[in-house]
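Written below as structure tokens is the structure these notes are about.
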Amino acid sequence: MAVIRNKKPGKVVVAVSGGFDPIHPGHVRLFKHARSLGDRLVVILNNDNWLMKKKNFVFMDEKQRKEVLKGIRYVDEVIISKHPRNPSDMSVCRELSGLKPHVFANGGDRNRKDANKSSSSLNPEQLLCKKLGIAMAFNVGKGGKIESSSWLLQKFLRSRSL
């Protein structure tokens, strides 16, 4: 994977990551705010293997999610993660190491205190960012967690069973 920050010298590259399955307004707020932190926004899209491990299902496959993300005006590039089937490492450290963005932005449900906990899903990225000199931004997207892909799907399933 090419180092994006060298493609456009002097440009600040911001990265975000997630499953985005399905995408919702909270994600758009995340992208808008993250993009304002730099000159380019790269979305690291967790692949279908990651979603299967985390949620046991994929609502929209990675190609569909990538196409939707690329259509959002705040997003400059989308990279699909390389998680193998049934991954033991759920982090995006591999992608961050290759990308080497200036900033790794995290949504409204993520904070530095939690990221520092060894049990946190963000802990591997926190350690890598410190090692590589990548700044971490938290609570990006304004207003905290306003929606969840899982909540949306649960609401839909409940409405179908009435």
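The values are calculated or read from the model by the stated rules, or taken from the named source; none is laboratory data. These numbers were taken from a predicted model, which means no experiment stands behind them. Because the Cβ atoms are built from the backbone with ideal geometry, glycine has one as well, and the counts that use them run over all protein chains shown.
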Within the stretch 34-48, the count of residues that are over 14 Å from LYS66 (Cα atoms), in contact with a Gly (Cβ under 9 Å, 6 or more places away or on another chain) and surrounded by 19 or more Cβ atoms within 10 Å (Cβ to Cβ) comes to 1
Of the residues that make up the stretch 68-88, is at least one more than 22 Å from PRO25 (Cα to Cα), touching a Lys or Arg at 6+ places or on another chain (Cβ under 9 Å) and in a helix (DSSP H, G or I)? no
So, first residue more than 19 Å from ALA137 (Cα to Cα) in the stretch 13-27, second residue in a loop (DSSP other than H, G, I, E, B) and of a type in the set (Gly, Ala, Ser), Cβ within less than 8 Å, six or more apart or across chains; the pairs are HIS24/SER148
Exactly one of LEU122, LEU128, LEU132 is surrounded by 15 or more Cβ atoms within 10 Å (Cβ to Cβ), modelled with pLDDT of 85 or more and either hydrophobic (A, V, I, L, M, F, W, C) or touching a Pro at 6+ places or on another chain (Cβ under 7 Å) (or both), and that residue is LEU128
If a residue must be surrounded by fewer than 18 Cβ atoms within 10 Å (Cβ to Cβ) and without any contact (Cβ under 8 Å) to a residue 24 or more places away in the chain, how many such residues does the stretch 66-93 contain? 5
Residues (part of a helix (DSSP H, G or I) and either more than 18 Å from ARG94 (Cα to Cα) or touching a Lys or Arg at 6+ places or on another chain (Cβ under 7 Å) (or both)) located in the stretch 34-53: ALA34, ARG35, SER36, ASN49, MET52
All-but-one check, PHE31 against (1) at pLDDT 95 or above; (2) surrounded by fewer than 19 Cβ atoms within 10 Å (Cβ to Cβ); (3) of a type outside the set (Val, Ile, Thr); (4) in a helix (DSSP H, G or I), failing number (2)
Return yes when LEU51 is over 20 Å from PHE104 (Cα atoms) and surrounded by 18 or more Cβ atoms within 10 Å (Cβ to Cβ) and no when it is not. yes
Would the stretch 99-111 turn up any residue that is modelled with pLDDT of 85 or more and assigned to a helix (DSSP H, G or I)? yes
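If you scan the stretch 16-48, which residues turn out to be among the polar types (S, T, N, Q) and more than 15 Å from the chain's Cα centre (by Cα)?
Correct list: SER36 only.
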Can you go through LYS63, LYS53 and tell me which one is free of Cβ contacts under 8 Å to residues at least 24 places away in the same chain and over 12 Å from the mean Cα position of the chain (by Cα)? LYS63
